[in-house]
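The values are calculated or read from the model by the stated rules, or taken from the named source; none is laboratory data. Since this is a predicted model, take the numbers as computed values, not measurements. Methodologically, a virtual Cβ is constructed for each residue, glycine included, from the backbone with ideal geometry; neighbour enumeration extends over all protein chains shown. Note: accessible area is taken over every heavy atom of the protein model, side chains too, but ligands, DNA and RNA are not part of it. Shrake-Rupley method; radii C 1.70, N 1.55, O 1.52, S 1.80 Å.
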Amino acid sequence: MKSNSRSQKKEVSWSKSSETRFLVRACTGSSEGQSRSMDSRLMGALTPRRVRSWYRQAKQGNPVAQFNLGVMRTTGYGEGTDYREAFRWFRKSAAQDYAPAQTYLGILYEQGFGVSRDQEKALHWYRRAAQKNHLEARFNLALMYLNKGCGNLSQRNIFELFQELAEEGLADAQNQLGLLYETGQGTEINMEQAAHWYGEAAEQQHAEGLYNLAELYETGSGVTRNAEEAARLYHLSCEAGCELAEFKLGTLYYSGEGVAQDPQKALYWMCEAVSQEDSRAREFLEFIDLAQSPKPEDLFARGQAMFDQQEFSQAVLWWRRAAMLGHPEAQLQLGRLLEQGIGTSLDLEEAVHWFEEASRQGINDADFHLGVLTFLGVGIPQNFEGARDHLERAVNCGYSHAGVLLGIIQENGLAGPVSLENAFSRYRFAAEAGDPFGQYHLGRALYHGIGTTPDFGAARYWYEQAAEQNNSLGQYNLGRMLKNGQGGSGDNGKAIALFHEAAEQGHDYGQFQLGEIYRIGKGSTRDRVQGFFWMKRAALQGNPHAQCMLGEMYLEGDGCHPNAREAARWLRKAAVQGMKRAQSRLGTLLFSGRGMDKDFDEAAYWFRRGTGSETNSSENFSGNGLNVDVEWLAKVAANGSRKAQTQLGLRYEKNGVKGEAHYSRAMEWYRRASEAGCDEAMYRLGRLYYLGLGSRKDTNTAFQLFSQAAERGLADAQFSLARLYLEGAGTEADPRQAFTWFQQAAEQGHPEAQHRLGFLYRTGRGIAPNPKLSQRWFYRAADRGFLPAWASLNQTIFT
């Protein structure tokens with residue numbers, strides 16, 4: 001059998017000690033389906049007479065006796081370990097189609113014991129045994145699929161193999177399924193399910209299952225934190241043969257967590273762990289004096305050592321112990337790990353608690369984190385005044401990173417009157433301290449004259465400082481100034497290099513600029529294929545200029561094969577974002593039926609939008625009733641124009657503040673336009689159902705309407721649908737679906753969807769964690785003026 005432990009979650013290794021548990025009861029005639037664990041009493045009862053009987057039966061061709069001899073030579077009982085001899089007996093038994101022997105033969109081939117390592121032959125024998133529903137063979141086969149990529153199965157398919165085995169009661173599979181839930185392999189990370197399956201394995205006294213469950217109780221992941229239960233489970237895990245638990249018990253007896261503090265027992269368990277060559281225990285004994293009670297400084301130092309070794313879950317444990325004894329730096333560091341979900345489950349409320357504790361002891365970094373979380377309203381109610389106060393305390397103590405967010409609050413008047421001069425001062429404070437975001441914002445303020453006189457030369461200098469720190473916003477803006485010769489002499493070559501640097505980091509306007517440069521050959525050799533490549537990368541991130549240009553490139557076959565349908569798709573994306581040129585071109589395509597079905601009504605709508613003649617949808621009702629424009633809309637709507645019906649519904653909704661009747665009439669027109677296939681009307685009708693305006697709140701109907709509009713490509717509907725999937729409103733919660741729809745909306749330039757997508761990448765909800773992509777989407781949302789994205793960038797980069 002193979003053994004898995006938490007120290008090797010991603011690739012589970014086989015160990016000889018766990019292999020002894022695989023001795024089957026076939027030697028007493030038990031069925032193959034019961035051959036899952038060693039019967040120690042049977043081994044203790046082995047006698048020379050019984051062994052001689054096995055040899056006699058084996059020579060007569062009995063496959064069970066042959067198998068028993070193979071196991072005996074593998075485990076070393078009776079005549080000592082001899083893998084070559086074991087291989088000989090297993091091969092004889094396996095040739096007679098005896099499933100346990102076939103499984104063992106697979107193990108020897110896989111590990112290279114007694115025979116040359118041969119993965120293909122290992123797979124062959126596992127599969128032969130698995131066909132007879134031999135559980136251990138199926139388990140080992142699934143492990144090879146998981147760890148070695150054999151079989152070309154998807155992660156989800158492999159997960160389902162372990163799930164089937166776990167549900168059939170195989171303890172090893174139950175433990176492995178817990179690991180998959182914990183690491184998110186083939187499924188969404190789900191610590192509650194991980195705890196459930198570790199518990200199922202633990203009930204069978206599975207050593208690693210007991211250990212893994214103990215760790216969850218120790219950290220409070222997926223279960224309520226319970227140090228006493230963790231200690232109890234670690235004891236049971238030790239008794240079942242898990243050597244990793246010895247070190248854990250030593251740390252608990254040292255710190256007095258879950259057990260009475262006892263230096264002698266701590267020393268005993270640490271020595272036991274050292275005897276098993278546990279490097280953690282050896283290092284612990286080198287640096288910790290067990291004769292003295294632990295001091296907060298010692299606990300913090302131990303956590304720091306674990307953090308430096310990237311043993312993050314251990315760092316959490318040691319820093320929590322130090323934090324509970326009042327160590328301020330431990331409180332800060334524990335808050336940071338809880339805030340990011342590193343080494344433990346994401347827990348923003350507990351993170352806020354420890355930041356507050358550290359702040360009371362004068363830790364400036366803690367005020368910065370509290371300011372960010374209060375600004376975002378995560379883990380604590382949103383309060384811009386409170387965020388400002390925390391950030392001001394951090395700034396006044398010299399914490400430069402806080403200056404950027406404080407400047408944004410003051411520039412936008414989020415916690416009082418707009419104060420551009422103060423915002424400029426905060427940006428300058430952060431910039432002069434070397435903060436790349438401060439340098440970017442100071443450059444922006446100097447370029448646009450925010451709180452100061454415009455100064456292109458100084459703006460260029462600060463953009464350059466930010467660019468030197470690999471800040472993509474600084475790189476792009478410096479490139480733009482060099483291209484245009486602003487603030488000094490122009491330099492196309494350097495501008496292109498800067499656009500490249502920004503583009504490689506995912507900056508969509510940098511990608512758009514590169515696409516234009518290559519497309520027209522200005523400042524560079526013309527390369528239409530490269531132009532198309534960069535234009536599409538920018539378009540995929542929701543850049544409306546790139547989407548418009550990509551649509552035109554598809555129409556003309558510029559750097560690609562002509563494709564009118566793709567052209568229409570991208571022009572529509574740009575048109576929805578307000579690009580006049582795209583709106584006019586889309587109207588032309590709808591009028592001619594090129595790349596899409598003819599639709600004169602919609603063509604007229606986009607022509608009006610593109611020429612600026614579309615009436616203002618926010619025009620008010622007069623006190624005596626509807627104005628003339630609304631009366632005209634009503635006539636057109638009555639004739640079946642779905643765009644007019646939608647616009648009329650919008651007028652009723654936006655101005656329906658004096659009574660419920662306006663919302664009801666809005667719903668009536670939205671419903672008529674929805675039935676005619678208008679995606680915007682579907683979205684707006686769904687929104688009213690979701691909010692309970694004009695009707696009782698109905699999230700199920702909202703979900704259906706958002707789904708229909710989202711499938712048609714409407715970004716607002718895609719964003720709203722993603723939120724329902726995330727909240728489990730109107731449908732079952734599904735973070736993977738939420739991620740998919742946030743991504744689709746983000747690619748259309750929806751800034752709030754971009755921010756949500758960045759958060760999912762940061763926390764690993766619905767997708768594997770990816771800090772680089774998280775930052776990229778936060779950048780995109782911030783660049784589009786979505787202020788919370790700046791707070792998230794600060795939170796991500798400076799944690």
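Odds and ends about this structure:
- Converting phi to 3J(HN,Hα) with the Karplus coefficients 6.51, -1.76 and 1.60 and the offset θ = phi - 60°, the range 374-383 yields 5, 4, 7, x, 10, x, 6, x, 5, 7 Hz in sequence order, with x at every glycine or proline.
- LEU267-ASP491 pseudo-label distance in nm [points 7 Å out on the Cα-to-Cβ vector]: 6.7 nm
- Bins of 5 Å, starting at 0 and running to the largest distance - Cα pair percent for the range 288-429: 2, 12, 17, 19, 16, 13, 9, 6, 4, 1, 1, 0, 0
- Once the 1.4 Å probe is applied to the protein heavy atoms, the range 542-611 comes out at 44 Å² accessible per residue.
- With a simple spin-label model that places each label point 7 Å from the Cα along the Cα-to-Cβ direction, the separation between ARG594 and ALA260 comes to 8.8 nm.
- With both labels modelled 7 Å from their Cα along Cα-to-Cβ, the GLN131 to THR183 distance reads 3.1 nm.
- If only the Cβ of Lys and Arg carry +1 and only the Cβ of Asp and Glu carry -1, the dipole of the chain around its Cα centre is close to 2700 debye.
- For TYR55 and LYS121, a Förster radius of 30 Å and the Cβ-Cβ distance give a FRET efficiency of 0.65, rounded to the nearest 0.05.
- Protection proxy ranking for 530-541, 414-425, 120-131, using the average of other Cβ atoms within 10 Å per residue and placing the highest first: 530-541, 120-131, 414-425.
- Over all directions, the projected convex hull of the C-alpha atoms in the range 243-288 averages 2.7 nm² in area.
- Listed peptides 502-515, 138-151 by packing density, highest first (mean Cβ within 10 Å): 502-515, 138-151
- For the range 246-252, Karplus couplings with θ = phi - 60° (6.51, -1.76, 1.60), whole Hz, Gly/Pro x: 5, 4, 4, 5, x, 5, 5
- With the highest mean first, a sort of the peptides 688-696, 195-203, 642-650, 50-58 on other beta-carbon atoms found within 10 angstrom per residue produces 642-650, 195-203, 688-696, 50-58.
- Cα gyration tensor shape of the range 507-582, rounded if a/c is under 1.5, else prolate or oblate by comparing a/b with b/c: oblate
- Reported to the nearest whole Å, the Cα centre-to-centre distance from the range 462-510 to the range 155-229 is 49.
- Dipole of the range 243-288, positive end: most advanced residue of ALA245, PHE284, ALA266 [Cβ charges, Cα centre]: ALA266
- Cβ-Cβ FRET estimate between LYS522 and ARG736, R0 fixed at 51 Å, reported to 0.05: 0.75
- The range 245-275 and the range 555-594 have Cα centres separated by 69 Å.
- Think of the range 713-798 as a dipole: +1 on every Lys or Arg Cβ, -1 on every Asp or Glu Cβ, centred on the Cα centre; then among GLY728, ALA782, ALA715, ALA782 lies furthest on the positive end.
- Shape class of the range 40-172 from the alpha-carbon gyration tensor: prolate, with a/c at 1.5 or above and a/b greater than b/c.
- The long axis of helix 328-340 is offset from the longest Cα principal axis of the chain by roughly 80 degrees.
- Within the full protein context, the accessible area of CYS560 is estimated at about 30 Å² for a probe radius of 1.4 Å.
- Per-residue [θ]222 nm for the chain (sum of -39500 (n - 2.57) over DSSP H runs n ≥ 4, rounded to 500): -21500 deg cm²/dmol
- Taking every alpha-carbon pair under 8 Å whose residues sit at least 6 apart, the range 243-288 reaches a relative contact order of 36 percent.
- Three-way shape call for the range 542-611 based on the alpha-carbon gyration tensor, with the a/c threshold at 1.5: oblate
- Among the listed values (1) 97, 33, 30; (2) 74, 50, 23; (3) 59, 35, 27, the one matching semi-axes √(5λ) of the Cα gyration tensor in Å as calculated from this structure is (3).
- Taken per residue, the accessible surface of the range 713-798 reaches 33 Å², heavy atoms only and a 1.4 Å probe.
- For the range 713-798, the relative contact order is 21 percent, taking Cα pairs closer than 8 Å that sit 6 or more residues apart in sequence and dividing their mean separation by the residue count.
- Net charge in the neighbourhood of PHE300 (other residues with Cβ under 10 Å of its Cβ; Lys, Arg +1, Asp, Glu -1) is 0.
- Rounded to the nearest 10 square angstrom, SER293 shows an accessible area of 80 square angstrom against a 1.4 Å probe.
- Listed pairs LYS536/LYS580; LYS536/LYS772; LYS598/LYS772; LYS573/LYS635 exceeding 31 Å between Cα atoms: LYS598/LYS772
- Percent accessible area from carbon and sulfur atoms, the chain, protein chains only, probe 1.4 Å: 46 percent
- In the range 103-178, Cα pairs under 8 Å separated by at least six residues give a relative contact order of 19 percent.
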